[in-house]
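Below: one structure, written as C-alpha cells.
The values are calculated or read from the model by the stated rules, or taken from the named source; none is laboratory data. Not measured: the values here are computed from a predicted model. Cβ sites come from the backbone with ideal geometry, for glycine too, and all protein chains shown count toward neighbours. Protein only, heavy atoms only, side chains kept; ligands, DNA and RNA dropped before computing areas. Shrake-Rupley method; radii C 1.70, N 1.55, O 1.52, S 1.80 Å.
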Amino acid sequence: MSMLIKNGKLLTENGFENVEILIENGKILKVEPQISIEAEEIIDADGKLLAPGLVDLHIHLREPGGEKKETIATGTLAAAKGGFTTVAAMPNTRPVPDSKAQMEWLQERIQETASVRVLPYASITVRELGQELTHFAELKEAGAFALTDDGVGVQSAGMMLEAMKRAAKLDMAVVAHCEDNTLINKGSLHEGKKAAELGINGIPSVCESVHIARDILLAEEAGCHYHVCHISTKESVRAVRDAKRYGIKVTAEVTPHHLILSEEDIPGNDANFKMNPPLRSKADQEALIEGLLDGTIDFIATDHAPHTSGEKAEGIELAPFGIVGLETAFPLLYTHLVEKKVLTLKELIDFLTIKPAKAFGLPYGELKPGAPADIVLIDLDQEKEINPDEFLSKGKNTPFGGWNCKGWPVLTIAEGKIVWEKGVVKA
C-alpha cells in the first residue's frame with residue numbers, strides 16, 4: 001500500500017517548509033519538496049502543518065476491569081483524534097498486568113482493538129500492593145514497556161531500591177507516581193488557598209517531593225533510569241534539576257493541566273478540577289513552565305484518566321481523581337502556551353513527539369525516511385470550543401469544557417493507515 005501526502009508544511013529549524021511525504025508499507029519512504037510518483041492513495045494537506053504522530057507516555061485505558069470508564073478501543077480512538085499515534089497505558093487495571101499471562105492477554109487485546117500503537121506498562125509490585133515485586137524479566141519478555149505502580153507510590157525504600165537494581169539489569173525504566181501515604185492527609189485538593197476556602201483537606205507539596213528526592217538517591221545507587229510521573233511542585237522540580245546536574249539518570253514529565261491551570265482556577269466544588277497530583281499554587285505552575293523550558297522536565301504527557309459522569313458528579317471529596325486529556329492536549333497547549341509566546345511551536349511539537357521518544361529510547365516522533373509512518377495533520381487556524389459531548393473517549397471529565405482553542409488535528413495516520421479524519425473514524 002502506497003500513500004502520497006501533498007501540499008503539506010513541515011516545521012524545521014529554518015521555519016516552515018513545503019513538503020510531500022511518500023509512504024509505503026507503513027514506513028516513510030521519502031520526505032521531499034516535491035515527489036513525482038504515482039501512489040494508490042493521495043492526500044491533499046492543503047497547506048496545513050504536518051507533524052510526527054504525537055507520543056503520550058502516560059494514559060489510562062481502564063481495560064480490563066474499568067470498561068465503563070474507557071476501553072482500549074475507545075481510548076485509542078480518542079488518542080487518534082487528538083493526534084497521538086503512540087501511547088503508553090498504565091497498569092492500574094483489574095486485574096493488574098503483573099504476570100506474564102496477564103501481559104500476554106493484554107497484548108492480544110491491544111492487537112485486536114487498538115487504533116494506534118499501545119505500549120503497556122507492567123506493575124512494579126503484585127497487584128500494585130507494594131508488598132511483593134513482580135517478575136520483571138518475564139514481564140519484559142511478554143512485552144512490558146516499563147515498570148510502574150502508577151496510582152500509588154511504592155512506600156518501602158528497600159523495595160524500591162531492589163526494584164531499581166533488578167530493572168537496571170534488564171535495561172527497564174522505573175516510572176513512579178510519587179506520593180508518601182503518611183502525608184496525604186486524606187486530601188482532595190492542594191493544601192493551599194482553595195482547599196482552605198472550600199473547607200476541604202489538602203494534599204501538601206512535600207507529599208510528592210519527598211518521594212522524588214528519596215527515589216533520586218535510590219536511582220543513583222542502583223544505576224537505574226528513573227522517571228517521575230506528572231511532576232507538580234516547585235520543590236520536585238528543584239530535586240530533579242539537582243539530580244540532572246549530578247548526572248543521575250532521571251527524567252520527568254508534566255501534564256497540560258498543570259502547565260495551564262493552578263488552584264486559583266478551581267471555581268468551587270467541581271470534581272472536574274480534581275486530579276492527582278492536584279492543581280498546585282501559581283508559584284508551582286510557574287516553576288513547572290520554567291522547568292520545561294530549561295530542560296529539567298523532559299516532555300509533556302496527558303495522564304488521560306477517564307471516569308463516568310456519575311462518579312464525577314459526587315463532588316470533590318468523594319469523586320475519583322483524574323481528568324481526560326487526549327483529545328484536547330494539542331489545541332490547549334498551542335492556544336495557551338504557543339499563542340501566548342511561552343513556547344515556540346517547534347518546542348511544543350518536540351515536547352509531544354521526539355522528546356518523550358528519546359527519553360525512553362523509542363524509534364518514534366520523527367518524520368524522516370525509514371521511520372514509521374505516524375503523522376498528524378494540524379489546522380493551526382481552526383478555532384472552536386471544547387465540547388465534551390463530542391469526545392470519542394467514554395470519559396467527559398474535563399475542566400476545559402467551553403474553552404475556545406486553536407490548532408486542531410484534522411487527520412491522523414498510524415503506521416501508514418488513516419485512523420481518524422475530520423471527525424470520521426477510519427479504524
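Using a 1.4 Å probe on the protein heavy atoms, what percent of the accessible area of the chain belongs to carbon and sulfur?
Carbon and sulfur: 47 percent of the exposed surface of the chain.
Lys/Arg Cβ at +1, Asp/Glu Cβ at -1, dipole of the chain taken about the Cα centre: which of PHE145, ALA157, ALA101 is farthest positive-ward?
Going by the Cα projections, it comes out as ALA157.
Out of every Cα pair in the stretch 130-202, what percent are spaced more than 14 Å from each other? The partial results should precede the final answer.
Values: 1734 of 2628 pairs.
Every Cα pair in the stretch 130-202 considered, those over 14 Å come to 66 percent.
Going toward the positive end of the dipole of the chain, with +1 on Lys and Arg Cβ and -1 on Asp and Glu Cβ, which of PHE84, SER393, THR182 do you reach last?
Working it through, the farthest residue towards the positive pole turns out to be THR182.
With a Cα-only, solvent-free Debye model of the stretch 216-264, what are the log10 I(q)/I(0) values at q = 0.19, 0.33 Å⁻¹?
For the stretch 216-264 at q = 0.19, 0.33 Å⁻¹, log10 I(q)/I(0) is -0.62, -1.28.
Give me D for the stretch 207-295 in µm² s⁻¹, whole number, from Stokes-Einstein with Rh from the Kirkwood sum over alpha-carbon pairs, 20 °C and 1.002 mPa s.
158 µm²/s
How big is D for the chain, in µm² s⁻¹ as a whole number, if Stokes-Einstein is applied with the Kirkwood radius of its Cα pairs at 37 °C and 0.692 mPa s?
So the translational diffusion coefficient is about 151 µm²/s.
Using alpha-carbon pairs under 8 Å, 6+ residues apart, how would you state the relative contact order of the chain in percent? Intermediate results must be reported in sequence, preceding the final value.
Working: 1044 pairs, mean separation 80.6, N = 427.
Relative contact order comes out at 19 percent.
Rg and Dmax of the stretch 96-143, using alpha carbons, in Å: what are they?
11.1, 35
In whole Hz and in residue order, list the ³J(HN,Hα) couplings for the stretch 303-308 that follow from phi through the Karplus curve 6.51 cos²θ - 1.76 cosθ + 1.60, θ = phi - 60°; x for Gly and Pro.
6, 3, 9, x, 9, 6
Taking θ = phi - 60°, what integer Hz values does the Karplus form 6.51 cos²θ - 1.76 cosθ + 1.60 yield along the stretch 148-160, in sequence order, with x for Gly and Pro?
For the stretch 148-160, the Karplus-derived couplings read 7, 9, 3, x, 9, x, 6, 7, 8, 5, x, 5, 5 Hz, x marking Gly and Pro.
Calculate log10 I(q)/I(0) of the stretch 283-391 for q = 0.13 Å⁻¹, where I(q) comes from the Debye formula with a single equal point scatterer on each Cα and nothing for solvent.
-0.65
Send over the Kirkwood Rh of the stretch 260-343, from the inverse of the averaged 1/r over different Cα pairs, rounded to one decimal Å.
One decimal place: 14.1 Å for the Kirkwood radius.
Using unit Cβ charges (K, R positive; D, E negative) and no other charged atoms, how large, in debye to the nearest 20, is the dipole of the chain about its Cα centre?
Magnitude of the dipole: close to 300 debye.
Once you charge only the Cβ atoms, +1 for Lys and Arg and -1 for Asp and Glu, what is the size of the charge dipole of the stretch 299-425 about its Cα centre, to the nearest 20 debye?
Here the size comes out at about 320 debye.
Would you please put 362-375, 100-113 in order of how densely packed they are, using the mean number of other Cβ atoms within 10 angstrom per residue and starting with the highest? Write out the running numbers ahead of the final one.
Details: 362-375: 18.6, 100-113: 16.7.
In descending order of packing, they fall as 362-375, 100-113.
Just the number, please: percent antiparallel of the DSSP beta bridges in the chain, rounded to the nearest 5.
Just about 55 percent of them are antiparallel.
Give me, ordered by chain and number, the residues 5 or more places off LEU119 or on other chains with an amide H under 5 Å from its own placed amide H.
VAL87, ALA88, ALA89
With the crude spin-label approximation of a point 7 Å out along Cα→Cβ, what separation in nm comes out for GLU197 versus GLU38?
6.6 nm
Expressed in nm to one decimal, what extension gain is obtained for the pair ASP389 and ASP171 from 0.36 nm per residue of sequence separation less their Cα-Cα distance?
So the chain would gain 74.3 nm between ASP389 and ASP171.
Relative contact order, percent, of the stretch 224-320 when contacts are C-alpha pairs under 8 Å separated by at least 6 residues?
Averaging sequence separation for qualifying contacts and normalising by length gives 35 percent for the stretch 224-320.
Check GLY130: other-chain or 5+ apart residues with amide H under 5 Å from its amide H, H built from backbone geometry?
The answer is THR125.
How large is the convex hull of the C-alpha atoms of the stretch 13-136 per residue, in Å³?
Details: hull volume 19.2 nm³, N = 124.
Output value, Cα hull per residue: 155 Å³.
Work from the charge dipole of the chain (Cβ charges, +1 for Lys and Arg, -1 for Asp and Glu, about the Cα centre) and give the residue of VAL206, SER309, ILE23 farthest towards its positive end.
Value computed over the given set: VAL206.
With every protein chain kept in place and ligands, DNA and RNA left out, what is the accessible area per residue of the chain? Probe 1.4 Å, answer in Å².
Spelled out: the 1.4 Å probe surface of the chain, per residue, equals 40 Å².
Taking the highest mean first, how do the peptides 227-234, 270-277, 127-134 order by number of other beta carbon atoms within 10 angstrom per residue? Intermediate results must be reported in sequence, preceding the final value.
Values: 227-234: 25.1, 270-277: 21.6, 127-134: 16.6.
Packing proxy ranking, top to bottom: 227-234, 270-277, 127-134.
Can you give me the pair-distance distribution of the stretch 59-193, C-alpha pairs, 10 Å bins, whole percents?
For the stretch 59-193, the binned pair fractions read 13, 40, 32, 15, 1 percent.
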